[in-house]
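Quick notes on the structure that follows.
The values are calculated or read from the model by the stated rules, or taken from the named source; none is laboratory data. Treat the numbers as computed from the prediction; the structure is a model and nothing was measured. Glycine gets a Cβ as well: all are built from the backbone with ideal geometry, and neighbour counts include every protein chain shown. Only protein heavy atoms, including side chains, enter the accessible area calculation; ligands, DNA and RNA are left aside. Shrake-Rupley method; radii C 1.70, N 1.55, O 1.52, S 1.80 Å.
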Amino acid sequence: MPAYVIVNADVNDEEAGLAYAPVAQKSILDHGGRYLVAGPTPEPVEGTWDSSRFLVIEFPDMDRIREWYDSPEYRRAREIREGKVGVGMLFVEGAPPEGFSLPD
């Protein structure tokens, strides 16, 4: 079942952000990920959203996400952004086509 990485990002150092982005993108693509959403955070329909950038990345499954995240390529990307690009990240598994089921 597909799994997703949901990312909120704030670039505090534009130079570091420009160095981080291509390294992170290559590592994602090399591990079977594909970008579904990537760009500036749009105006929220409800509530607030406190980050300036938003990404949703799809991987074939949760094992592939963990492979990517622990890979030497992505560790290098994290080192580039450390302290310069704020990132909040969630790993989530997809729901079956019929949706989720409520507890009984």
How big is the chain along each principal axis, measuring the range of its Cα positions in Å and listing the largest first?
50, 34, 20
Using alpha-carbon positions, what is the distance between the centroids of the range 26-47 and the range 60-97, in Å?
12 Å
Can you list the HN-Hα couplings for the range 48-60, worked out from phi with the Karplus curve (6.51, -1.76, 1.60; θ = phi - 60°), rounded to whole Hz and with x for Gly and Pro?
10, 9, 9, 10, 8, 10, 9, 9, 10, 10, 9, 10, x
Treating the beta-carbon of each Lys and Arg as +1 and of each Asp and Glu as -1, no other charges, what is the dipole magnitude of the range 3-93 about its Cα centre, to the nearest 20 debye?
240 debye
The ³J(HN,Hα) series, computed from each phi in the range 71-83 with the Karplus coefficients 6.51, -1.76 and 1.60 at θ = phi - 60°, rounded to the nearest Hz and given as x for glycine or proline, is 5, x, 5, 7, 4, 4, 4, 4, 5, 4, 8, 3, x
Measuring from its Cα centre, the range 1-46 shows a charge dipole (+1 at each Lys and Arg Cβ, -1 at each Asp and Glu Cβ) which, in debye to the nearest 20, is 360 debye
Probe 1.4 Å, protein heavy atoms only - accessible area per residue of the chain in square angstrom:
68 Å²
HN-Hα J couplings of the range 20-35 from phi, Karplus 6.51/-1.76/1.60, θ = phi - 60°, integer Hz, Gly and Pro as x?
5, 3, x, 5, 5, 4, 4, 5, 5, 5, 5, 9, x, x, 9, 7
Amide hydrogen neighbours beyond the local backbone of ARG53, cut-off 5 Å, H modeled
ALA9, THR41
So the carbon and sulfur contribution to the accessible area of the range 3-93, 1.4 Å probe, in percent, is 50 percent
